[in-house]
Structures are given as C-alpha cells and as structure tokens.
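Quick notes on the structure that follows.
Readers should treat all values here as calculations from the given coordinates under stated rules, not as data from a laboratory. Note that this is a predicted model, so its numbers are computed, not measured. Here the Cβ positions follow ideal geometry from the backbone for every residue, glycine too, while neighbour counts run over all protein chains shown.
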Amino acid sequence: MPPPASAWMRISELSRRVGVTTDTLRVWERRYGLLKPRRTAGNTRLYSALDEARVRLMKRYISEQIPPAQAAELSMAARLSVRAGRGSGVPEHAAARVVRELQDAFAAFEESSAERALHELLSDYSATAVIREVLLPFVREAGERRRHALAPLAREHFAENFLHSRLLALARGWDRGLGPRALIACPPVERHPLDLIVFGIALHHLGWRITYLGAATPLDALGSTAESVAPDLIVLATQLPDRLAPHVDAIRRLGTRWPVALVGPASGMDVARRCGLRHLGEDAVAAAGVVASGDLAVDLRPPVARPAAPGRTPQRHRQAASR
C-alpha cells in the first residue's frame with residue numbers, strides 16, 4: 001500500500017490501511033499502549049507510520065495464535081525502522097519535546113521509549129536535520145555532563161550506547177557510492193565516537209564514501225587501513241585534543257602520506273597545527289560541509305604523493321585523469 005498522504009493520519013485512515021476496525025485500534029491503544037498518537041490543538045488524535053508498523057506486527061503475531069497481550073508487548077519491543085522524512089528542519093518545539101522524551105527515557109533506562117521518540121521524529125524530518133538539530137546538541141550536553149560528573153555514570157553509559165547504535169543504524173551503506181573516500185577514526189585517546197559518526201553520516205549525505213574504524217583506533221592500525229583503502233582524506237575526531245600531544249610525531253608521519261584533518265573543539269587548534277592537521281571545528285555537520293566544499297583537498301594535499309592500493313586509483317587522481 002502507498003504511504004499516507006502526510007506523515008500523520010487520523011484513526012479512520014489508519015484503520016483502512018491496516019484492515020483493523022477503529023474500535024479494535026482504540027482498545028489496543030487504551031489497553032496495551034500499542035499506539036502513541038499526537039493530539040492537535042483541537043484534540044484530534046493523529047497516528048504515525050510507526051503506529052501503522054506496530055499494528056501490522058500485532059496482527060501478524062495474533063495470526064500466529066499469540067495472545068493479544070503478549071503480541072502487543074512483542075510489537076512494542078520490536079526495533080522498527082521507518083523511512084526518513086523529507087522535512088529539512090526540525091521546529092524548535094518538536095526538537096525540545098523529543099529531547100525531553102529522550103531525557104526521561106534515559107533517566108528511567110527505558111530503551112523502547114527512547115526508540116519510539118527518535119523514530120517518530122525521523123518519520124517527519126530528514127536524518128541530517130534530526131542529527132544536527134536534536135542529536136548533536138544532545139551529544140554535546142551529554143559530553144559536558146560526563147566531563148563534569150553531573151549525571152550518574154550508568155545513565156550516561158546507557159544513553160551513549162543507545163545513541164551509538166541508532167546512529168550506526170542511520171549510517172548503514174555509507175561505504176557505497178562513486179564519490180571520494182574518507183577514512184574516519186577516533187585517535188587512541190578518544191573512546192567516545194558519537195561526533196565521529198555524526199560527521200561520517202553528514203559527509204556521506206554530501207556524496208562521500210565512508211570507512212569507519214571507531215573509537216580509540218591505534219595509529220598503526222589507521223595507517224595500515226589507509227594503505228589498504230587509499231582514502232582521499234583521513235579525519236580524526238576527539239573532544240580531548242590536548243591528549244594528542246604524545247602522538248604528534250606519528251600523526252605527522254601519517255600526514256606525509258595522506259591528507260589528515262581533525263574534528264574537535266577550538267582548544268585543539270594548536271595541537272592540530274603541531275600535528276600538521278587542518279582543524280575543521282567542533283560542529284561535526286559543519287565540518288562535513290567544509291570537506292565537501294572541495295577547498296579542503298587543496299589545503300591538505302600532502303607533499304609526498306601517496307601510492308594507490310593495489311588495483312585502485314585514488315578518487316582525486318581518477319577525477320584529474322577524466323578532465
């Protein structure tokens with residue numbers, strides 16, 4: 001069946017789409033909490049594509065002779081995916097509402113509630129908009145709380161693990177495409193890769209292919225991977241740039257073979273210069289825009305030509321040959 005005409009639908013349309021009577025839908029909503037409608041100013045209930053997916057899953061479980069109460073529990077626990085919406089920006093009130101819902105869910109250690117809040121936002125707005133206007137500020141605040149011990153450690157771990165897995169779900173397929181390749185990693189001192197993942201998602205949406213190594217990547221492993229994939233750019237991301245000091249020489253050696261850049265706070269500008277890195281700033285999405293603009297490849301072209309991996313020609317060289 002084609003998607004609904006808008007991101008939200010009345011119960012009559014939901015009933016028509018899923019083949020379940022409105023009375024039954026209301027019972028499932030009231031008794032099991034299966035549906036999570038939004039209310040308009042006129043108190044009209046509106047249902048999302050995620051509600052539709054849960055109803056369809058509920059029907060399937062019931063058809064398999066699973067009792068309704070258990071079917072509802074299984075349907076609500078399922079990790080359902082929805083196609084990202086087309087909205088280009090998240091309204092301030094919607095972003096604030098979802099942040100509150102995420103905070104409440106994390107405080108209660110309720111993964112399903114956090115999942116529901118995030119998916120409903122993604123059904124209305126593009127992944128890039130949700131990341132930049134909701135998740136990235138949330139990640140920033142979480143980092144500040146972690147550094148200053150302003151929240152229970154277990155809660156921060158729970159929240160970070162949830163966001164890590166959901167961001168990687170949004171990143172699926174980011175290695176595909178015909179554009180240049182970025183090899184992205186956190187340096188050995190950085191164990192929190194959320195900014196890095198946000199950067200990779202944003203850069204992929206701008207046409208780049210992404211090879212992701214994750215948190216606390218040893219620099220020799222980063223170098224051997226670069227030998228294998230011949231990236232057009234290596235990007236390191238850290239919120240602790242001052243701790244890069246012991247690795248300056250190794251990073252500089254890396255920079256003689258491949259262009260290397262740093263995503264991180266302004267305090268990292270000095271160490272970036274000492275490492276021979278281009279500092280892209282702290283905003284991971286804006287940093288991706290700088291890279292995709294094309295100016296960065298000129299700024300970071302290394303003095304020694306890097307060899308291509310066997311059987312591959314680096315993207316920048318292919319583009320030059322085609323001109």
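Place a +1 charge on the Cβ of each Lys and Arg in segment 85-170 and a -1 charge on the Cβ of each Asp and Glu, then give the dipole magnitude about the Cα centre in debye, rounded to the nearest 20.
Numbers: 11 positive and 13 negative charges, 47 e Å.
It comes to approximately 220 debye.
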Study note, to complete from the structure: The Kirkwood hydrodynamic radius of segment 148-300, taken as the inverse of the mean 1/r over all distinct Cα pairs, in Å, comes to 15.5
Point to revise | Sequence ranges 126-134, 174-182, ranked by mean other-Cβ count within 10 angstrom, highest first | key: 126-134, 174-182
Check your understanding: Gain in length, GLU144 to LYS59, computed as 0.36 nm per residue apart minus the alpha-carbon separation, to one decimal in nm?
Key -> 26.2 nm
Review point. So what J values fall out for segment 117-122 if you push phi through Karplus, 6.51 cos²θ - 1.76 cosθ + 1.60 with θ = phi - 60°, rounded to Hz, Gly and Pro as x?
Key: 4, 5, 5, 5, 5, 5
Exercise for review: Could you work out the mean projected area of the convex hull around the alpha carbons of segment 85-170, in square nanometres to one decimal?
Suggested key: 5.0
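Quick one: net charge around VAL130, please, counting Lys, Arg +1 and Asp, Glu -1 for every other residue with C-beta under 11 Å from its C-beta.
Here the count lands on -1.
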Exercise for review: Could you give the size of the charge dipole of segment 134-223 about its Cα centre, using +1 on the Cβ of each K and R and -1 on the Cβ of each D and E, expressed in debye and rounded to the nearest 20?
Suggested key: 200
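Translational diffusion coefficient, Stokes-Einstein: compute it for segment 1-80 using the Kirkwood radius over C-alpha pairs as Rh, at 4 °C and 1.567 mPa s, and state it as an integer in µm² s⁻¹.
101
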Revision key, fill the gap. Amide H neighbours of ALA171 at under 5 Å, excluding residues fewer than 5 places away on the same chain, with H built from the backbone geometry, are none
